[in-house]
Amino acid sequence: MLVSCKKPVVTEADNWEILFNGQDLTDWIVKINGYDLNDNYNNTFRVENGSLVVSYDHYDNFTNEYGHIFYKKPFKNYRLKLEYRFIGNQVKGGEDWAKKNSGIMLHSQSPESMLLNQGFPLSLEFQLLGGIDENEPRPSGNLCTPATNVVMDGKLITDHCITANCETFYGEEWINAEVLVLNDSITHYINGKAVISYSRPTVGGGFLETTSSAIQLKSGEGLTSGYISLQSESHPIEFKNIKILEL
């Protein structure tokens with residue numbers, strides 16, 4: 001895998017835009033599988049103690065309510081930074097693979113274009129994972145590709161998930177995640193380390209059957225911009241200090 005992309009030289013004095021104000025969900029749009037746009041079922045997405053929280057304390061059982069909370073506008077070239085941590089236990093009914101599993105969706109389709117019953121947007125997923133069994137590595141920062149393909153080392157990659165060169169985090173500590181998007185090249189960083197890099201993302205691959213016919217007709221088209229969203233997959237997670245620097 002490629003991990004050689006270098007960050008542009010910028011400083012904290014550059015014009016970072018705060019995407020999450022730490023007080024409420026202003027400028028964010030909720031879409032949960034099976035529910036209308038902005039129906040925040042069971043108060044899944046909320047703000048607590050300055051963090052954007054994915055919580056399941058109002059759920060009796062999880063039954064495919066995969067959700068995403070989108071920032072209100074798309075982006076093209078940028079650096080995105082945030083901190084995340086998994087907390088507590090997975091809600092009853094969640095899949096085993098979804099334990100300590102969430103993601104940052106990049107170059108996503110708009111929330112308005114998602115179907116009522118659509119679990120995941122067409123996007124590039126910066127997968128966030130936490131360790132469960134200390135004998136089983138579970139690195140964070142991986143790439144998953146719902147309805148997308150990418151190029152790595154000059155080859156078209158059609159696998160759904162590609163493992164990053166990252167350590168496994170087992171506790172509830174805060175982890176720094178960052179993504180650098182430069183034209184059609186994208187690099188994921190965890191705690192300041194480049195863990196995976198890829199380029200030339202296109203529409204295609206698996207899960208197209210869950211998206212609209214208009215998107216299916218775009219199979220093979222390049223992805224050069226899109227929305228950013230944060231994921232809910234049945235395990236509680238917190239996000240904070242979400243900011244972006246457009247390049």
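The values are calculated or read from the model by the stated rules, or taken from the named source; none is laboratory data. Please read all numbers here as calculations on a predicted model, not as lab measurements. Here the Cβ positions follow ideal geometry from the backbone for every residue, glycine too, while neighbour counts run over all protein chains shown.
It is to be established whether one or more residues within the range 112-125 are outside any loop (DSSP other than H, G, I, E, B) and farther than 22 Å from residue 176 by Cα.
yes
If you check residue 69 against the conditions, is it part of a loop (DSSP other than H, G, I, E, B) and closer than 24 Å to residue 162 by Cα?
Values: part of a loop (DSSP other than H, G, I, E, B): no; closer than 24 Å to residue 162 by Cα: yes.
For residue 69, the condition - part of a loop (DSSP other than H, G, I, E, B) and closer than 24 Å to residue 162 by Cα - is not met.
Residues of the range 172-201 being farther than 14 Å from residue 80 by Cα, modelled with pLDDT of 95 or more and touching a Gly at 6+ places or on another chain (Cβ under 8 Å), which ones?
If the condition is that a residue be farther than 14 Å from residue 80 by Cα, modelled with pLDDT of 95 or more and touching a Gly at 6+ places or on another chain (Cβ under 8 Å), then 195, 196, 200, 201 are the ones that fit.
Could you go through the range 126-133 and let me know if any residue there is closer than 18 Å to residue 226 by Cα, of a type outside the set (Gly, Ala, Ser) and surrounded by 14 or more Cβ atoms within 10 Å (Cβ to Cβ).
Yes: the range 126-133 contains one or more residues that are closer than 18 Å to residue 226 by Cα, of a type outside the set (Gly, Ala, Ser) and surrounded by 14 or more Cβ atoms within 10 Å (Cβ to Cβ).
Can you confirm whether the range 214-234 contains a residue that is surrounded by 15 or more Cβ atoms within 10 Å (Cβ to Cβ), modelled with pLDDT under 95, touching a helix residue (DSSP H, G or I) at 6+ places or on another chain (Cβ under 9 Å) and part of a loop (DSSP other than H, G, I, E, B)?
Within the range 214-234, none of the residues are surrounded by 15 or more Cβ atoms within 10 Å (Cβ to Cβ), modelled with pLDDT under 95, touching a helix residue (DSSP H, G or I) at 6+ places or on another chain (Cβ under 9 Å) and part of a loop (DSSP other than H, G, I, E, B).
This table checks each residue for (1) in contact with a Cys (Cβ under 8 Å, 6 or more places away or on another chain); (2) surrounded by fewer than 24 Cβ atoms within 10 Å (Cβ to Cβ); (3) within 19 Å of residue 190 (Cβ to Cβ); (4) aliphatic (A, V, I, L, M).
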site	(1), (2), (3), (4)
106	no, no, yes, yes
109	no, no, no, no
118	no, yes, no, no
139	yes, yes, yes, no
149	no, yes, no, no
152	no, yes, yes, yes
156	no, yes, no, yes
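Please identify the pairs in which a residue from the range 99-118 that is free of Cβ contacts under 8 Å to residues at least 60 places away in the same chain has its Cβ atom under 7 Å from the Cβ atom of a residue that is among the aliphatic types (A, V, I, L, M), counting only partners at least 6 apart or on another chain.
Close Cβ pairs satisfying both conditions: none exist.
Report, by residue number, each residue of the range 48-93 that is crowded, with 18+ Cβ neighbours inside 10 Å, farther than 19 Å from residue 169 by Cβ and over 17 Å from the mean Cα position of the chain (by Cα).
56, 59, 62, 91
Give the number of residues within the range 147-168 that are touching a residue at least 40 places away in the same chain (Cβ under 8 Å), in contact with a Gly (Cβ under 6 Å, 6 or more places away or on another chain) and within 27 Å of residue 240 (Cβ to Cβ).
Residues in the range 147-168 being touching a residue at least 40 places away in the same chain (Cβ under 8 Å), in contact with a Gly (Cβ under 6 Å, 6 or more places away or on another chain) and within 27 Å of residue 240 (Cβ to Cβ): 1 in total.
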